[in-house]
1. Can you flag which of LYS57/LYS168; LYS57/LYS211; LYS123/LYS176; LYS57/LYS132; LYS176/LYS226; LYS168/LYS211 are past 18 Å Cα-Cα?
2. What angle do you read, to the nearest 10 degrees and between 0 and 90, between the alpha-carbon axis of helix 232-248 and the longest principal axis of the chain?
3. Relative to the longest principal Cα axis of the chain, at what angle does helix 175-186 sit, 0 to 90 degrees, rounded to 10?
4. Springs between alpha-carbon atoms under 10 Å, Gaussian network over the chain: tell me which of ILE103, ILE50, ILE35 tops the mean-square fluctuations.
5. Give the residue from PHE163, LEU355, GLY125 lying farthest towards the positive end of the charge dipole for the chain; charges sit on Cβ (+1 for Lys and Arg, -1 for Asp and Glu) and the dipole is referred to the Cα centre.
6. Return one quarter of the surface area of the convex hull spanned by the alpha-carbon atoms of the chain, equal to its mean projected area, in nm².
7. To the nearest 20 Debye, how big is the dipole of the chain about its Cα centre, given +1 on the beta carbon of each Lys and Arg and -1 on that of each Asp and Glu?
8. For the range 107-171, what is the relative contact order in percent, using Cα pairs closer than 8 Å and at least 6 residues apart in sequence?
Amino acid sequence: MLHSLTQLSSLLSDLPEGQLFVLTDSHTAEYCLPILVDSIGQIPYHLLTIEAGEQSKNLASVQAVWDFMLKHRATREAVLINLGGGMITDLGGFAAATYMRGIRFVNIPTTLLAMVDASSGGKTGIDYQGIKNVIGTFTPPMATLIHSDFLRTLPAAELLSGFAEMLKHALIASPKEWIKLLQLAQEELPQEQFVETLSSTGALQASIQIKENIVSQDPHEASLRKILNFGHTIGHAIESTTLEYNTQNSKFKIQNSPSHGYCVLWGMVAEVYLSVVHTDCPREVLQQLTQIMLQWYGKPQCDCKQRNQLIHRMYQDKKNSANQTPNFTLLRNIGEPIINQHLTEEDINEALEYLFNL
Ligand SMILES: NC(=O)c1ccc[n+]([C@@H]2O[C@H](COP(=O)([O-])OP(=O)(O)OC[C@H]3O[C@@H](n4cnc5c(N)ncnc54)[C@H](O)[C@@H]3O)[C@@H](O)[C@H]2O)c1
Ligand SMILES: [Zn+2]
C-alpha cells in the first residue's frame with residue numbers, strides 16, 4: 001500500500017517499546033534521516049547504518065542487520081524501517097523477511113528508482129557470488145511511504161537512473177505517459193525543476209501506479225509481471241558484468257560503475273532494437289529512446305570484447321527455465337509488451353552491435 005510519510009506514526013501505533021529499527025546507508029543517514037526523525041516523533045528507535053553502494057548489498061550486511069536486531073532483542077513484533085534507495089530496501093527487506101521467519105518492514109524510498117520501482121512489489125534480496133539479486137524472497141512491505149522531497153539531495157545521475165525505470169513503465173503500459181516523459185526529456189531541466197515537474201505533472205505517481213497495478217495482478221511473476229523485465233535481460237547482463245569485475249578485482253574497482261537504471265536504459269535500447277526487428281514495433285520508438293540515451297545517459301562503457309561475456313550472463317539469468325535461451329520481453333508497440341520471447345545468439349549479438357556502435 002502506498003502512503004505518504006505523514007502516515008508513519010499511525011502505522012507504528014501498536015508497536016511495543018524498543019521494537020523500532022531503522023536501516024540507512026551512509027548517505028541517507030546524512031540527508032534523509034533528519035526528515036524521518038521528525039515524522040517518527042517521540043518513538044525511540046535503534047539505528048543501523050551500512051556503507052552506501054551496491055557492494056554493500058551482500059550477505060555480510062544481512063548478517064550485520066540480523067546481529068544488530070538480536071543484540072537489541074528484536075522480537076516478532078519489531079518493525080524495520082528501510083530508509084534509502086533500492087540497495088537498502090532490497091537488503092533490509094530480505095533481512096526482515098528472514099529474521100524470526102519474517103518481521104514487518106516499512107520501505108521509505110529516497111531515490112527515484114526506489115520510489116517508482118524497488119520499494120514496491122515485494123521483491124527483496126542480495127547479490128551473491130557476483131550475481132545480482134540471486135538470493136531473495138517475495139515479501140511485501142507493510143507499507144511504502146513516498147516523500148518526493150527526498151529527491152532534492154539526490155545526485156543528477158541517480159535521478160536519471162530512476163527516470164530510466166519510469167521510461168520503462170511508460171513503454172510497457174502507457175502511450176500517454178510516454179509522451180509526457182518524452183517532453184520532459186527534451187528539456188534541459190535543472191535538478192530542482194526536474195523533481196518539481198515529476199511531482200506536479202503526476203508523472204511520479206503514474207509511474208508508481210503502473211508498477212503497483214501490474215504487481216497486484218501477478219505478485220509472484222507467474223506471467224504478466226514479466227513485462228516489468230523489459231530492458232532487464234540485457235540490462236542485468238551489463239550490470240552483472242561490471243559487478244563481477246568489481247568483486248573479483250577489488251583493488252581495481254571500475255570507477256563510477258554504472259547504476260541500475262543506466263544499465264536498464266541501455267538494455268531497453270537493445271531490446272527495442274530487437275522489438276523493431278522481430279515484432280511490429282515502430283522504428284520511431286527506437287529513435288526516440290536512442291535520442292534520450294545519447295542526450296542524457298551516454299553510451300555504455302562495456303566494449304565489443306565483453307560481448308561474449310554479456311551473452312554468457314544472459315544464459316545464466318535466473319529468469320530462464322533450465323536449458324533455455326534468454327527470455328526477453330519485447331514490445332509490439334508502446335503499451336503492448338509481449339513476454340517469453342526467445343532469440344538466438346546471433347539476434348542478440350546484432351542488438352548489442354547496434355547499442356555499442358551508436
Ligand atoms: N526489488 C525490486 O523490485 C528492485 C527493482 C529495481 C531495482 N532494485 C535494486 O535497487 C538497487 C538500486 O537502487 P538505487 O538506484 O536506489 O541505488 P542505491 O540504493 O545504491 O542509491 C544510489 C545512491 O544514492 C544515494 N542516496 C539515496 N538516497 C539519497 C538522497 N535522498 N540524497 C542523496 N543521496 C541519496 C545512496 O546512498 C547511493 O549512493 C539495485 O540493487 C537493484 O537491484 C530492486
Ligand atoms: Zn530495474
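1. Among LYS57/LYS168; LYS57/LYS211; LYS123/LYS176; LYS57/LYS132; LYS176/LYS226; LYS168/LYS211, the Cα-Cα distance tops 18 Å for LYS57/LYS168; LYS57/LYS211; LYS123/LYS176; LYS176/LYS226.
2. Between the helix axis and the principal axis of the chain, the angle is about 60 degrees.
3. 90
4. ILE35
5. The listed residue farthest towards the positive side: GLY125.
6. If you wrap the Cα atoms of the chain in a convex hull and average its projections, you get 17.0 nm².
7. Roughly 680 debye, rounded to the nearest 20.
8. Relative contact order comes out at 42 percent.
Every read-out reported here was derived from the displayed coordinates using simple, explicitly stated rules and does not represent laboratory data. Given the structure is predicted, the values throughout are model-derived calculations rather than measurements. Positions of Cβ are generated from backbone atoms using ideal geometry, with glycine treated the same way; all protein chains shown enter the neighbour counts.
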